[in-house]
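A short write-up of the structure that comes next.
Derivation of every value follows stated rules applied to the coordinates shown; laboratory data play no part. Here the structure is a predicted model, which is why all the values come from computation and not from measurement. Cβ: placed from backbone, ideal geometry, glycine included. Neighbour counts: every protein chain shown.
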């Protein structure tokens with residue numbers, strides 16, 4: 001009698017892993033629910049727009065700096081999944097998100113190595129005071145911290161005096177650029193100072209910019225911040 005073997009899932013090409021994640025109903029539902037949870041506690045938008053932006057920025061950073069295609073794809077995957085832990089709770093969402101992502105990635109054809117790298121990038125994207133653990137982690141951290149814009153504010157009311165909403169709503173233009181030749185990553189913002197001052201921006205985002213600087217350094221780059229045409233770092 002011939003023996004029966006269960007067919008193993010075919011390993012997927014690294015070039016389509018991000019698209020598989022983005023189209024997966026489970027992933028999309030976790031992202032939707034995570035954003036609903038953030039809305040319930042008064043946080044800015046953390047839905048598909050935000051995570052897609054982070055994924056795109058992370059991928060662009062590594063492409064421009066000449067990283068291999070597989071690492072670019074994994075950076076995009078980590079960017080897409082970096083906030084799904086918010087579906088459980090905001091506190092420690094990076095660690096819970098990494099664990100949530102693991103079975104999904106294996107189901108969609110990631111190798112254990114690929115899944116582990118993405119988990120590390122997700123789990124460390126909020127680790128203040130610690131250096132990045134990989135180029136993928138560094139790229140996701142920069143992409144996440146650079147997503148500052150009034151479109152993230154759900155329902156702005158000036159009279160509520162919420163400095164987080166004020167600073168995000170004041171940002172009318174935001175552009176993250178990478179100069180591979182000069183090894184410089186630049187975040188350029190245009191802020192409406194009638195809504196929030198540059199000092200208020202620093203009050204809220206100093207830690208984020210320090211994390212971005214550390215992440216850029218890991219990638220062999222300087223990090224520059226320009227607000228209203230003035231270079232501040």
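Explain nothing, just the number: relative contact order of segment 12-147, from Cα pairs under 8 Å at least 6 residues apart, as a whole percent.
Reported relative contact order: 28 percent.
Among 38, 211, what is the fewest-to-most ranking by other Cβ atoms within 10 Å?
If I rank by nearby Cβ atoms, fewest first, I get 38, 211.
How much FRET efficiency would the formula 1/(1 + (r/R0)^6) give for residue 197 and residue 48, where r is the Cβ-Cβ distance and R0 is 35 Å, rounded to 0.05?
With a Förster radius of 35 Å, E is 0.65.
Is it possible to state the helix-based mean residue ellipticity at 222 nm for the chain, with each DSSP H run of 4+ residues giving -39500 (n - 2.57), the sum divided by total residues, to the nearest 500 deg cm²/dmol? What is it?
So the helix-based figure for the chain works out to -16500 deg cm²/dmol.
Just subtract the alpha-carbon distance of residue 204 and residue 69 from 0.36 nm times their residue separation and send over the number in nm, one decimal.
Contour length minus the Cα-Cα distance gives 45.1 nm.
Could you line up 104, 84, 142 from fewest to most neighbouring Cβ atoms inside 10 Å?
Listing 104, 84, 142 from fewest to most nearby Cβ atoms yields 104, 84, 142.
Per-residue counts of other Cβ atoms within 10 Å, averaged by peptide: what ranking do you get for 177-188, 192-203, 109-120, 52-63, highest first?
Descending mean neighbour count gives 52-63, 109-120, 177-188, 192-203.
Say we join alpha carbon atoms closer than 10 Å with springs in a Gaussian network model of the chain; which of 208, 28, 49 then has the biggest fluctuation?
Among 208, 28, 49, the largest mean-square fluctuation in the Gaussian network model of the chain belongs to 49.
State, as an integer percentage, the relative contact order of the chain based on alpha-carbon contacts under 8 Å between residues 6 or more apart. Intermediate values should be presented prior to the final figure.
Numbers: 401 pairs, mean separation 40.2, N = 233.
Contact order relative to length: 17 percent.
Cα axis of helix 48-64 to longest principal axis of the chain: angle in degrees, 0 to 90, nearest 10?
Its long axis makes an angle of about 80 degrees.
Helix 69-81: angle to the longest alpha-carbon principal axis of the chain, degrees 0 to 90, nearest 10?
70 degrees
Using alpha carbons only, how many degrees (0 to 90, rounded to 10) separate the axis of helix 112-123 from the longest principal axis of the chain?
The answer is roughly 20 degrees.
Using the eigenvalues of the Cα gyration tensor, what equivalent ellipsoid semi-axes result for segment 96-233 when each is taken as the square root of five times the eigenvalue, whole Å, largest first?
So the equivalent ellipsoid measures 30, 20, 12 Å along its semi-axes.
In segment 128-233, what percentage of the DSSP-assigned beta bridges are antiparallel, given to the nearest 5?
Working: 10 of 16 bridges.
Around 60 percent of the beta bridges assigned by DSSP in segment 128-233 are antiparallel ones.
If neighbour count is taken as other Cβ atoms inside 10 Å, put 46, 125, 224 in order from fewest to most. If you can, show how the numbers build up before the last one.
On the way: 46 23, 125 29, 224 18.
Ascending Cβ contact count within 10 Å gives the list 224, 46, 125.
Limiting things to C-alpha atoms, what are the Rg and the maximum Cα-Cα separation (Dmax) for the chain, in angstroms?
Gyration radius and largest Cα-Cα distance of the chain: 18.6, 81 Å.
In angstroms, what radius of gyration and Dmax does segment 184-233 have, counting Cα atoms only?
Cα radius of gyration and Dmax of segment 184-233 are 11.4, 37 Å respectively.
What FRET efficiency would be calculated for the residue pair residue 36, residue 182, taking the C-beta separation as r and a Förster radius of 30 Å, to the nearest 0.05?
0.10
Considering only DSSP beta bridges with both partners in segment 14-231, what is the antiparallel share in %, to the nearest 5?
On the way: 10 of 16 bridges.
Bridges in segment 14-231 are about 60 percent antiparallel.
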